[in-house]
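This report concerns only the one structure given below.
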Amino acid sequence: MEQKEKDSIIKKLIDTHTTISAMESCTSGMIASTITDTEGASAIFPGGYVTYLNETKIFIGVEEEIIQKYGVYSKECAEAMAKTVQEKLHTDIAVGITGTTGNIDPNNSDSVQGVVYFCIRIKDKVNTFEVHAEVTGLERHEIKQMYTDMVFEKLETLVM
């Protein structure tokens, strides 16, 4: 997805005074960065969290029981991340994303290369996605970009 297309999504949110926030793990802040690449985004984007470690997710507000019961790489965790950031930053839309970018994560047994879970909450409506992407041979930055593009493609279908 081209930046121009992403800009049009963010401009629509600006025009409709629809706020958005993100709690990111595997994209390491790339979703937030992409949002703020659009001029005027500060009107609708109060911020977000990069929660790379499980402990950081828990510190911000994801219930530890969710990670213990379902794993950090799960739709339940992505949903909890979106709900947490939405509640903390009081936004209309919230994105939560978790997954494995490259190598298997030795700290989490549920790590599967190329599997990403993300949730886009619009008000109380939960939209959760599980993607199995072919990432062999890709650099970490390319994988994060691919995941970010996937989020924006789904966001486009939900808000445009």
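Would a scan of segment 18-26 turn up a residue that is part of a helix (DSSP H, G or I), out of contact with any Ser or Thr (no Cβ under 6 Å at 6 or more places or on another chain), over 30 Å from Asn107 (Cα atoms) and hydroxyl-bearing (Ser, Thr, Tyr)?
So far as segment 18-26 goes, no, none of its residues is part of a helix (DSSP H, G or I), out of contact with any Ser or Thr (no Cβ under 6 Å at 6 or more places or on another chain), over 30 Å from Asn107 (Cα atoms) and hydroxyl-bearing (Ser, Thr, Tyr).
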**Report entry** Positions within segment 36-60 being of a type in the set (Val, Ile, Thr) and over 30 Å from Asn107 (Cα atoms), in sequence order
**Finding:** Thr36, Thr38, Ile44
Query raised in the report: Out of segment 63-90, which residues are touching a residue at least 12 places away in the same chain (Cβ under 8 Å) and either part of a strand (DSSP E or B) or more than 14 Å from the chain's Cα centre (by Cα) (or both)?
Result: Glu63, Ile66, Ile67, Gly71, Glu87, Lys88, Leu89, His90
**Report entry** Hey, Tyr117 touching a residue at least 40 places away in the same chain (Cβ under 8 Å), within 19 Å of Ile20 (Cβ to Cβ), touching a Lys or Arg at 6+ places or on another chain (Cβ under 8 Å) and open to solvent by less than 50 Å² (accessible area, probe 1.4 Å) or not
**Finding:** yes
Query raised in the report: When the residues of segment 103-114 are filtered to those that are under 21 Å from Glu55 (Cβ atoms) and of a type outside the set (Asp, Glu), which remaining residue is surrounded by the most Cβ atoms within 10 Å (Cβ to Cβ)?
Result: Ser111
Query - Failed item, numbered, when Thr34 is tested on (1) out of contact with any Leu (no Cβ under 9 Å at 6 or more places or on another chain); (2) closer than 17 Å to Glu156 by Cβ; (3) free of Cβ contacts under 8 Å to residues at least 60 places away in the same chain; (4) buried (at least 22 other Cβ atoms within 10 Å of the Cβ) - result: (3)
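The values are calculated or read from the model by the stated rules, or taken from the named source; none is laboratory data. On a predicted model such as this, the values are computed, not experimentally measured, just so you know. Reconstructed Cβ throughout: ideal geometry from the backbone, glycine too, with neighbour counts over all protein chains shown. Just the protein is used for accessible areas: all its heavy atoms, side chains included, with ligands, DNA and RNA removed. Shrake-Rupley method; radii C 1.70, N 1.55, O 1.52, S 1.80 Å.
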